[in-house]
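To start, the structure itself, in structure tokens.
Every read-out reported here was derived from the displayed coordinates using simple, explicitly stated rules and does not represent laboratory data. From a predicted model like this one, the values you see are computed outputs, not experimental measurements. Here the Cβ is made from the backbone with ideal geometry for all residues, glycine too, and neighbour counts use every protein chain on show.
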């Protein structure tokens, strides 16, 4: 159970606990109500009423309780956790692997694997979600308060960069795809660039090119399937993307998109955190020339 604390300052003299909890600690209305009715608001370690006044120097504490979801039975499969503290998890997700359990996902999910690691009472609170076919770094919160604070940072200061292997080589070699995205007519999942869609902006830079191109991308917005839709819209779909391009045998169940870099300020500690995940070898092999092509003798044009 996570405990949030706040020591009342001289300017807090006489303020009500509810104002301290909402303003000084920053709990949402829903979190405050949950803590209040569960008797999880303390003043100097003793359960206190929300309308009780505080004195300077007193400690206001909130116990954050998370009930188990009960929807994701534990599954003993490995999961790569690259950072963990009492508020956050940074995970390097495999692909193909769905993030969350749902009526459409009866098989393996990241949520089930985390339930096995932390116990079935664990509540999976993803901050940035990755498609089933996308691998790499994603952030999850261990409590609702941390999730709320991270969500505020997600489209403001959080840096999310991806590596993608794409068909062909985009020209120019770097640029910004600024095109609104909306749901395709009659579709449940598929998105498309359309004038009545929501604003979406993706920065890209070609790093290498061979049989295909390796592209680094940074999201400025976070629309569903944004990178996949934007790259397909300029004629260079992500390799293996069965929805916006063509599926390939080398990537069963996934496509060549990897969350490679994640940087943000810890919402509770105020310290900058930065993480990197290398491109999986199976994706790198898609754009690099084969060893046979690299060692083959060039043909003599005279002969």
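What the table shows:
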{"read-out": "Descending principal axes extents, the chain, alpha-carbon based, whole Å", "value": "94, 42, 40"}
{"read-out": "Per-peptide average of other Cβ atoms within 10 Å, ordering 131-142, 213-224, 31-42 highest first", "value": "131-142, 213-224, 31-42"}
{"read-out": "Chain lengthening between residue 56 and residue 173 when straightened (0.36 nm per residue, less Cα-Cα)", "value": "36.2 nm"}
{"read-out": "Shape box of the stretch 2-64 [Cα atoms, principal axes, largest first, Å]", "value": "28, 20, 20"}
{"read-out": "Extent along principal axes [Cα atoms of the stretch 95-185; Å; largest to smallest]", "value": "50, 31, 29"}
{"read-out": "Point-to-point label distance, residue 39-residue 156, nm (Cα→Cβ direction, 7 Å offset)", "value": "3.6"}
{"read-out": "For the stretch 153-194 versus the stretch 225-267, the gap between their alpha-carbon centres in whole angstrom", "value": "9"}
{"read-out": "Which of 171, 192, 77 has the fewest Cβ neighbours within 10 Å, and the rest in rising order", "value": "171, 77, 192"}
{"read-out": "Most to least packed among 44-52, 226-234 [average Cβ atoms within 10 Å]", "value": "226-234, 44-52"}
{"read-out": "Residue-averaged 222 nm ellipticity for the chain, from DSSP H runs of 4+ at -39500 (n - 2.57), nearest 500", "value": "-4000 deg cm²/dmol"}
{"read-out": "For the chain: relative contact order, % (alpha-carbon pairs under 8 angstrom, 6 or more apart)", "value": "14"}
